[in-house]
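Input: a single structure, listed below in structure tokens.
The values are calculated or read from the model by the stated rules, or taken from the named source; none is laboratory data. Fair warning: this is a prediction, and the values are worked out from it, not measured in the lab. Every residue, glycine among them, receives a Cβ derived from its backbone with ideal geometry; neighbour counts consider all protein chains shown. Ligands, DNA and RNA are stripped out before the accessible areas are found, and what is left, the full protein with its side chains, is counted by its heavy atoms. Shrake-Rupley method; radii C 1.70, N 1.55, O 1.52, S 1.80 Å.
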Amino acid sequence: EGAVNVLSALKVVDGFTDGTYKPEQTVTRAQMAKLIVTALGVADYATAKTSKYTDMGAATWAIPYVEYASNLNIVNGVGNNKFNPNGLVTYEQAATMIVRALGYTDQCKEMNGTWPAIYIQKAMALNIFEDVVNGGANRGDVAIMLYNALNVPEVYADNDGQTNKKVGSDGGYVTMMDTLNVNGSTLYKIVTDADA
């Protein structure tokens with residue numbers, strides 16, 4: 001609940017018109033692409049009208065997000081020029097997308113390993129799975145995973161494939177939270193009863 005509240009306040013996730021969030025529903029591949037692009041704070045730049053994937057007619061609303069995430073090497077197709085947008089995202093795929101969104105792409109030498117193991121290992125090292133109880137990629141677990149990723153420093157690979165943390169104009173490491181918070185504050189947190 002806390003993860004959903006924070007992500008909702010940051011406009012990364014939203015609920016249904018009846019006021020529910022339905023945390024037990026599994027996320028589709030198209031929905032995951034939108035969540036990732038939104039969490040990175042770049043949804044406004046996702047404007048593609050057409051897709052390189054031939055099966056996006058089943059989820060035309062997601063074309064801008066899938067194309068943007070694909071261009072950032074965060075998502076891949078499933079083969080034969082297909083993306084399977086309405087297919088349920090797996091636990092491994094969700095972790096991979098989040099880790100790639102943080103900058104740990106195939107260009108980083110340390111990520112040259114077997115999929116999905118290398119991405120699961122990195123997600124565990126970054127504590128992305130902390131408090132994930134169900135072990136599946138439903139709406140609740142994905143919210144927790146994205147919440148855990150909010151303050152993880154983003155990285156990039158240099159020309160030699162070495163992983164480097166992104167540094168902002170203030171000299172601090174760049175995170176998703178920095179991008180999503182309008183005032184740039186990284187002090188956003190869940191207020192407990194004791195805090196209140």
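See the values below:
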quantity: Accessible surface, 1.4 Å probe, highest first, among residues Leu72, Leu180, Leu7; calculated: Leu72, Leu180, Leu7
quantity: Two-site label geometry, Gln25 and Thr90: point separation in nm, points 7 Å out along Cα→Cβ; calculated: 2.4 nm
quantity: Estimated dipole of the chain in Debye, rounded to 20 [Cβ of Lys and Arg +1, of Asp and Glu -1, Cα centre]; calculated: 560 debye
quantity: Rotationally averaged projected area of the chain (alpha carbon convex hull; nm²); calculated: 12.5 nm²
quantity: Area of Asp18 that stays accessible when all protein chains are in place (1.4 Å probe, Å², to 10); calculated: 100 Å²
quantity: Euclidean distance of C-alpha centroids, the range 48-115 and the range 1-31, integer Å; calculated: 20 Å
quantity: Shape of the range 1-73, Cα gyration tensor, a/c cut at 1.5; calculated: prolate
quantity: Per residue accessible area of the chain, 1.4 Å probe, in Å²; calculated: 53 Å²
